[in-house]
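Asks: Just passing along the structure, written as structure tokens.
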Amino acid sequence: MVILSAAKDLLLLSGCTVLACAITTAVPAQTLAQPGWKNSGLNAEHWWRNAIFYRVDVPHFQDSDGDGRGDLPGIAQRLDYLQSLGVDAIIVAADPADDTFGDLVRAANARHLRVLVSLRPDPHILDLARLWLTRGAAGLYTETAQPDTHLSTHELRSLVDSFPGERILLDRPGTDAPPSEAHLVVTPLGSQPPAVPSTEPSKRTRKPAAAHPAPLPASEQPGNIAGALQKTSAAQLYTVATAVLVRSGQEIGLQTPSPLPWTPTNITPPKPAEPVAEEPAKPEPPPDPSVYGAFKPYVPPRPKPAPKPPGAPPDPATLPGFTTGKLLDPPAPNAATANVALEDADPLSLLNFYRRLAQLHHDNPALRSGAIIPLDHANALACIHQAPASARNASPVVVAANLTDQPMQLPLEDDFKKLRLHNGSLRPLLASWTADAPSLSSYNLILPPRSVYIGELYRSSATR
């Protein structure tokens, strides 16, 4: 069994709760539990180390049968959407009697997505875990400690070990768990700032170091964060070199657990009724040539609507929504604006910001696996990601967030001198306030209020 070493602890930000978790692989061999997964089995890096996990709220995600409640076939209908988010694995809670789980696994495998099953405390949790692993689950996720089951995490790990393929266990141990049990740390963006890993290995095994921004007002705490702060929180989440956990609806800024608003109306228009065959009308008698008929004015035919130009976004009202039936749960207060159809068409939306962050999280060497050096600036979260030695042509990346309501000038010259880096310009990677991030000087980084900027140091090298 392979357990995450202390030098490679993971930092996981959910934006909502504080958790301590452990992640383990089932076997050290780089094999696949299911065909079609993108890791070939020869890759030296474990698939889960930088994976993006998407925790699906099944009853509120997508309804496939019109009963007003989400289900597993509904998730299968939305796998293309999940794939567009850059998700590597989804976490679902399912009923053991639900025979559609296998269909979901097969559909997910075809899109290189893994399916993990969330387990709740149950006296028969070990049997349930074995059942889901036998059905093809890529791993297990325990939401809470198991106080009533007398089942230790080690027993679940041993069970996962017994199955072939690189299965994993995401575990949330209790507060009295020993330090070796706590490998994933979750910190919200609020009065406590998002944690940034220290560069000292001895500290990374205990508590990550962090910058210290000013506390946020209560109106902007997690669950009620304005769009700008939601982007800042997302950037802090995705730019830490570890796995990422996202809950469904977080990527569109959904305020409360509720049916996912795929369209502003959040319903699927019913299919038009089939026309009923009518009896043929009786033929009218031929007109009498000696009698004048009523005057019938000429009515020109109705012009056909002009076709939409190629690439135009579809009308949200015509897109399928959460259910074809009646909503059993009320929609979120912001469902009219925080919905997939509108945000998908807006390049500055939170949804598209999450998509671009996922691409950076996977593709940029400095963000993916580089060392993180926190910078000390008041009312700001700023750090430098140094590229790993294996990525010779990669440059350091600066991530800076302004947490105030005023524009901020962030001087980085002294920071670069301490790190023996040459000042230069920042090649834009992503900015929260514009679709095309501007190129900025690294001497003075000017940030709008409540904004975040990610830039790659264009000309940097160690001075001798």
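The values are calculated or read from the model by the stated rules, or taken from the named source; none is laboratory data. Because the structure is predicted, anything quoted here is derived from the model rather than measured. Every residue, glycine as well, gets a Cβ built from its backbone with ideal geometry; the counts of neighbours run over all protein chains shown.
Asks: Assess whether residue 172 counts as being charged (D, E, K, R), buried (at least 20 other Cβ atoms within 10 Å of the Cβ), modelled with pLDDT under 85 and closer than 17 Å to residue 55 by Cα.
Replies: Values: charged (D, E, K, R): yes; buried (at least 20 other Cβ atoms within 10 Å of the Cβ): yes; modelled with pLDDT under 85: yes; closer than 17 Å to residue 55 by Cα: yes.
For residue 172, the condition - charged (D, E, K, R), buried (at least 20 other Cβ atoms within 10 Å of the Cβ), modelled with pLDDT under 85 and closer than 17 Å to residue 55 by Cα - is met.
Asks: Something else about it: If a residue has to be polar (S, T, N, Q) and under 15 Å from residue 87 (Cβ atoms) to count, how many in segment 358-372 make the cut?
Replies: As a first pass, look at segment 358-372 and keep what is polar (S, T, N, Q): 359, 364, 369.
Still in the list and also under 15 Å from residue 87 (Cβ atoms): 359.
Selection size over segment 358-372: 1.
Asks: Pull out all pairs, ordered by first then second residue, where Cβ-Cβ is under 7 Å, the residues are six or more apart or on different chains, the first lies in segment 77-100 and is farther than 20 Å from residue 168 by Cα, and the second is at pLDDT 95 or above and charged (D, E, K, R).
Replies: 84/355; 85/251; 85/355
Asks: So which of 54, 81 is among the aromatic types (Phe, Trp, Tyr) and more than 22 Å from residue 135 (Cα to Cα)?
Replies: Working: 54 fails: more than 22 Å from residue 135 (Cα to Cα).
Unique residue meeting the criteria: 81.
Asks: Follow-up question, since we're still on this one. State all residues of segment 374-390 that are surrounded by fewer than 19 Cβ atoms within 10 Å (Cβ to Cβ) and out of contact with any Gly (no Cβ under 8 Å at 6 or more places or on another chain); if no residue qualifies, say none. Outline the logic, then answer.
Replies: Kept after step one, since they are surrounded by fewer than 19 Cβ atoms within 10 Å (Cβ to Cβ), are these residues of segment 374-390: 376, 378-379, 388-390.
Residues satisfying the conditions are 376, 378, 379, 389, 390.
Asks: Still on this structure, please answer the following. When both residues are 6+ apart or on different chains and their Cβ atoms are under 7 Å apart, which pairs have a first residue that lies in segment 346-366 and is more than 18 Å from residue 232 (Cβ to Cβ), and a second that is assigned to a helix (DSSP H, G or I) and at pLDDT below 95?
Replies: Taking only residues 6 or more apart or on different chains, the pairs are 362/368.
Asks: Let me ask something additional. Can residue 355 be described as outside the structural domain of residue 246 (by TED's automatic domain parsing) and either more than 26 Å from residue 88 (Cα to Cα) or within 26 Å of the chain's Cα centre (by Cα) (or both)?
Replies: Details: outside the structural domain of residue 246 (by TED's automatic domain parsing): no; either more than 26 Å from residue 88 (Cα to Cα) or within 26 Å of the chain's Cα centre (by Cα) (or both): yes.
Here the answer is no, as residue 355 does not meet what is asked.
Asks: So, one more: Would you check which residues across segment 391-421 are without any contact (Cβ under 8 Å) to a residue 12 or more places away in the chain and either of a type outside the set (D, E, K, R) or surrounded by 22 or more Cβ atoms within 10 Å (Cβ to Cβ) (or both) and list them? Write out each step before concluding.
Replies: Filtering segment 391-421 down to residues without any contact (Cβ under 8 Å) to a residue 12 or more places away in the chain leaves 392-393, 414, 417-418.
Of everything in segment 391-421, just one residue is without any contact (Cβ under 8 Å) to a residue 12 or more places away in the chain and either of a type outside the set (D, E, K, R) or surrounded by 22 or more Cβ atoms within 10 Å (Cβ to Cβ) (or both), namely 393.
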